[in-house]
Ligand SMILES: Nc1ncnc2c1ncn2[C@@H]1O[C@H](COP(=O)(O)OP(=O)(O)OP(=O)(O)O)[C@@H](O)[C@H]1O
């Protein structure tokens, strides 16, 4: 990793290097100096603008499609970092191996400024094209790097502060880079660390696809970090090393050329596959903890529809969830991971189906005949959460039951523990939970012997854990333990065909069987609404309409909740008011105002109605006012 250069030293170094052509050894971080020398050697001129060739919309789409797999594997990290990026007025960027920007999310305002220096999708930020910058230089150096202000080769990039980490695939090939860029005026001290950690997560995820046939060795010197993205991973096919991550190679004192040559029996003589953690002797006798697992074999399973009736997939009274192709694919991957003992983290807005998904994973897994224990960490009273989770011995505290209680974690033994709203777990309990997860045993409150437990873990949250991590409100080691695979449940408003979704849910709720129909207008309004409460709100609304409806009389718009009709009304009046020739600023103003009026002056509700967050609403309003001055 680079050592940051001193800011004044950079200004002096710039003058000497670019103005006087003199040596600046020792004045800059070594990777920055190497990069300046490479750029100068290639004939780049720091005082001019780099040559930029923006792609056409079609070229950009094709480029993104070509890199669909990388985009998919990196998406959870991009989303998790989005909150941090917005808070610090920065953007998070994913590039391909050549440094061409694939995806960029975060602060809209900064994205606009970044576009002025061509930092936008489809444009190359390779060092050869764009001079010293975190993306391009990290790709050349194959190490995480931060480049601040005047350290950039080109003068006009001085406004940027960026930090990037390269993504190295299991064959040692650079697959891309992850970067966070913001204004140079703000020092985001955690940016480089965040990029490094997120890159490790993505690199760890590279092993979830394409290595199903391999024997996997997972290693660490610290037992607590085994099973997290910080662990070393080595993949063997027929006993020969065919894939690895950097930690794995380091722990075995190997380097990338060992691929296709090193043999498991030579590296760790006598080690045998086992589900248990083993103590191993690494090179030079170092003590390592490891797990050697044979290829995952997916047990043939009955399709969801013919699952035993004794296993409820959702709490009684719930609609049978709609499993589209994307959800089925996510489900089958998650079941395999859960069966392999890999904890899974579900992300998604409230009501997007995280609980439903976790129950379905349990119902389809080999643990389906054992308990599914859901725990809502936000709903447990703070004073009780510890005893409820970990149990207590008889007489452990005033008010304790006489015979003690086993606790929810023990109740999950053999089955699946679902920790919902994990972001709300108090810090003190996070350490306790971490200990249980690594030791696989529980010590109840009030003493008593530790009891071994065996459960698969699924956690869920609607909070941006990246922000909690940066603020120190969530333990990093626990995060790595629980987020070894991240599944995102998309919001209903991102559903590709909301009309079809409304119709299917209506059928499932029994609308058709009851002879009750939704009018075409109602269907249109429901399909257009943005459903901030997601499935919970949509299913609840349809259920209410079914109660109000009468056979033979289509349900009309008047039966819809005011919130939904007001949103539809607002949109219609906005559209009809947009006379040809009205400026974009005027249109924006009237849309913002209409939403505010329809929400009784409540900005949060107005923002939700427009499908934007509160800060974006204010920003748009301010921008609009500025323009009006
Ligand atoms: N795919 C789906 N098809 C139909 N209904 C669904 C689907 N997913 C969720 N639902 C319904 O939406 C409601 C909310 O789902 P769920 O409790 O799983 O959401 P959640 O993401 O866990 O919400 P929260 O974060 O608020 O706990 C439930 O009534 C559930 O039956």
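Miscellaneous remarks
- Model label sites at residue 128 and residue 449, defined 7 Å from Cα along the beta-carbon direction, differ in position by 6.7 nm.
- Annotation: the residues 250, 169, sorted from fewest to most other C-beta atoms within 10 Å of their own C-beta, follow the order 250, 169.
- The range 84-236 - convex hull of the alpha-carbon atoms, volume per residue in Å³: 115 Å³
- By the count of other C-beta atoms within 10 Å, a proxy for reagent exposure, 557, 338 are ordered fewest to most as 557, 338.
- Averaging over all projection directions, the Cα-based convex hull of the range 323-488 occupies 9.6 nm² in the image plane.
- Each semi-axis of the equivalent ellipsoid for the range 210-293 is √(5λ) with λ an eigenvalue of the Cα gyration tensor; in descending order they amount to 17, 14, 13 Å.
- Calculated P(r) of the range 1-130 - Cα pairs past 21 Å, %: 55 percent
- Sorted peptide list for 230-239, 22-31, 266-275, criterion being average Cβ within 10 angstrom, highest first: 230-239, 22-31, 266-275
- Panel note: the C-alpha atoms of the range 492-560, placed on their principal axes, show extents of 32, 22, 17 Å (largest first).
- Between the range 29-106 and the range 216-262, the Cα center-to-center distance that results, in Å: 29 Å
Since every read-out is calculated from the coordinates, none of them should be taken as a lab result. Here the structure is a predicted model, which means the values were calculated and not measured. Don't worry about glycine lacking a Cβ; one is built from the backbone with ideal geometry, like all the others, and counts go over all protein chains shown.
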